[in-house]
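Here's the structure, in structure tokens; my notes come after.
The values are calculated or read from the model by the stated rules, or taken from the named source; none is laboratory data. Only a predicted model underlies this, so the values are computations on that prediction, with no experimental measurement involved. No Cβ is skipped: glycine too gets one built from the backbone with ideal geometry, and neighbour counts run over all protein chains shown. The area values use the complete protein model at the heavy-atom level, side chains included, leaving out ligands, DNA and RNA. Shrake-Rupley method; radii C 1.70, N 1.55, O 1.52, S 1.80 Å.
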Amino acid sequence: YRLAAEHPNITRLVGVGTTHQGRPLLVMEIVGSNKERNCPLVWVDGGMHAREWITVSASMLFIKKLLEGYVLTTTLQACSTRQKFAIQPLANPDGYAYSWNSERLWRKNRSPTSVAWCKGVDLNRNFDINFGGPGASDFSCSEIYSGSSAFSEHESQGIARYLSSVRHKLLGYFSLHSYGQMWLTPLSYTRRKVEDRSMHLDVADHATRSIKELTGHRYSYGPATALMYVTSGDSSDWVYSELNCSHTYGIELGDLGRYGFLLPPSHIKPAGRVVAAGILSAVQYISSSPTNLTTRKRQRKFRRRKWKS
């Protein structure tokens, strides 16, 4: 709220719904010097998994750096004059609050399930792409419980509703997670090679090189199924397949396992620098090369939905 109030001419705070417990789901739109209605838009989200606190802090630092300027001045100006940014620092407010107040390593949201003593849905298994497939669970007590149905959750609905409304100008989707220091490319639910694979690897190579040069941190890159494991109902896969956005990436922030989810505060600012270096360089690289733009044929026809209230 404070950052939006301090920069009213270049920001807009958008509500995309409320959680089961009544917390607002907020997206910060940053338009920079570009007031054009249909200019390309870049989405960034953090905090989808409650225990991944570093993604929330890094998202907030990214917003602050976009608004107040950064060492990457040339890159920042080049991006802000051509793109808008939509950033949701906290995609899972209920789970995040619970991880602060009750159970530090809580992962899911706090929605009720069919089992009274097992609350919560894994939001990154709740999107309508291979829903309920490998890497997800239909058991309510599981950490990777996908929910009763695709988009059963207010949080995933809010993201999907907003992105559906801007799908024709969506240049890139970046979802922050932790940990492992990896830049993940599509797809997550299948080991099948996508037609954009070489383009994805070019972007990932460029972004991870920038991260190394500007922060000193080494990030590996490649398909999510090769570097991690198979997951179904993943947000990045849904945006890639359903919204026809060629550039969807998952970024697993630090560390490499020494602290895992329990990073000390000294890691917050470096994580913010990693996010800024990686995303801004990727966006600039995508925008500067015509072959990187979204030109592939739609994999599936977009389905208009009547979202639940």
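Listed residues I251, I211; which is under 22 Å from S99 (Cβ atoms) and either buried (at least 16 other Cβ atoms within 10 Å of the Cβ) or in contact with a Ser or Thr (Cβ under 9 Å, 6 or more places away or on another chain) (or both)?
Of the residues listed, the single one that is under 22 Å from S99 (Cβ atoms) and either buried (at least 16 other Cβ atoms within 10 Å of the Cβ) or in contact with a Ser or Thr (Cβ under 9 Å, 6 or more places away or on another chain) (or both) is I251.
Restricting attention to segment 1-56, which residues are open to solvent by 40 Å² or more (accessible area, probe 1.4 Å), modelled with pLDDT of 95 or more and either in a strand (DSSP E or B) or in contact with a strand residue (DSSP E or B) (Cβ under 7 Å, 6 or more places away or on another chain) (or both)?
Correct list: G15, T18, P24, L26.
Give all pairs with beta carbons closer than 6 Å in which a residue from segment 247-265 that is on the phi < 0 side of the Ramachandran plot and at pLDDT 95 or above meets a residue that is open to solvent by 10 Å² or more (accessible area, probe 1.4 Å) and of a type in the set (V, I, T); count only pairs at least 6 apart in sequence or on separate chains.
From residues that are on the phi < 0 side of the Ramachandran plot and at pLDDT 95 or above, the pairs are L253/I54; L263/I54.
Kindly provide the set of residues from segment 227-244 that are hydrophobic (A, V, I, L, M, F, W, C) and either free of Cβ contacts under 8 Å to residues at least 12 places away in the same chain or touching a Gly at 6+ places or on another chain (Cβ under 7 Å) (or both), ordered by number.
V230
I'd like to check something: does segment 248-271 contain any residue that is part of a helix (DSSP H, G or I) and either touching a Lys or Arg at 6+ places or on another chain (Cβ under 7 Å) or more than 19 Å from M60 (Cα to Cα) (or both)? Walk me through it before giving the result.
As a first pass, look at segment 248-271 and keep what is part of a helix (DSSP H, G or I): 265-271.
Now narrow it down to the ones that are either touching a Lys or Arg at 6+ places or on another chain (Cβ under 7 Å) or more than 19 Å from M60 (Cα to Cα) (or both): none.
No, every residue in segment 248-271 fails to be part of a helix (DSSP H, G or I) and either touching a Lys or Arg at 6+ places or on another chain (Cβ under 7 Å) or more than 19 Å from M60 (Cα to Cα) (or both).
For S165, all conditions in the list (1) open to solvent by 10 Å² or more (accessible area, probe 1.4 Å); (2) touching an Asp or Glu at 6+ places or on another chain (Cβ under 7 Å) hold save one; what is the number of the exception?
Looking at each condition in turn, S165 falls short on (2).
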